[in-house]
């Protein structure tokens, strides 16, 4: 049976997750992005697919339908943050890559997110110690 302390820790952690999510959305908005657009930039940059991810892979990473991912890509392409590139071996496949502007914006957001995540680390250490 969980202890009172464990219930309090779980409550504090879940509250902190909600605060982080709200903060993350605001940070993206400060850079002119929606939360979903920020996540798409991160999914493109974090992909290990040679040549960059496809829209289908991005949809899987974001847990959305391919047409929704495609619409996000369209909006980011208009803002000059993402480019589509045909696969040289299979012209039916289109890969995504960040532009310099996309890289710059994502790097700024990533720096502040990593700093904020360090704040959450203390709560996680409390769970690991079983306190």
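Tabulated data
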{"read-out": "Top-ranked residue in segment 76-119 [being more than 15 Å from residue 39 (Cα to Cα) and part of a helix (DSSP H, G or I); ranked as modelled with the lowest pLDDT]", "value": "119"}
{"read-out": "Residue 73 in a loop (DSSP other than H, G, I, E, B), under 17 Å from residue 35 (Cα atoms) and free of Cβ contacts under 8 Å to residues at least 40 places away in the same chain", "value": "no"}
{"read-out": "Selected residue (criterion: surrounded by the fewest Cβ atoms within 10 Å (Cβ to Cβ)) from residues of segment 48-70 that are part of a loop (DSSP other than H, G, I, E, B) and in contact (Cβ under 8 Å) with a residue 40 or more places away in the chain", "value": "49"}
{"read-out": "Condition broken by residue 51, with the remaining ones in (1) within 24 Å of residue 87 (Cβ to Cβ); (2) out of contact with any strand residue (DSSP E or B) (no Cβ under 8 Å at 6 or more places or on another chain); (3) at pLDDT below 95 satisfied", "value": "(2)"}
{"read-out": "Filtered residue count, segment 6-52, keeping only those that are touching a helix residue (DSSP H, G or I) at 6+ places or on another chain (Cβ under 9 Å) and more than 30 Å from residue 79 (Cβ to Cβ)", "value": "6"}
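The values are calculated or read from the model by the stated rules, or taken from the named source; none is laboratory data. The structure presented is a predicted model; accordingly, all values stated were derived computationally and were not measured. Backbone-built Cβ (ideal geometry, glycine too); neighbour counts: all protein chains shown.
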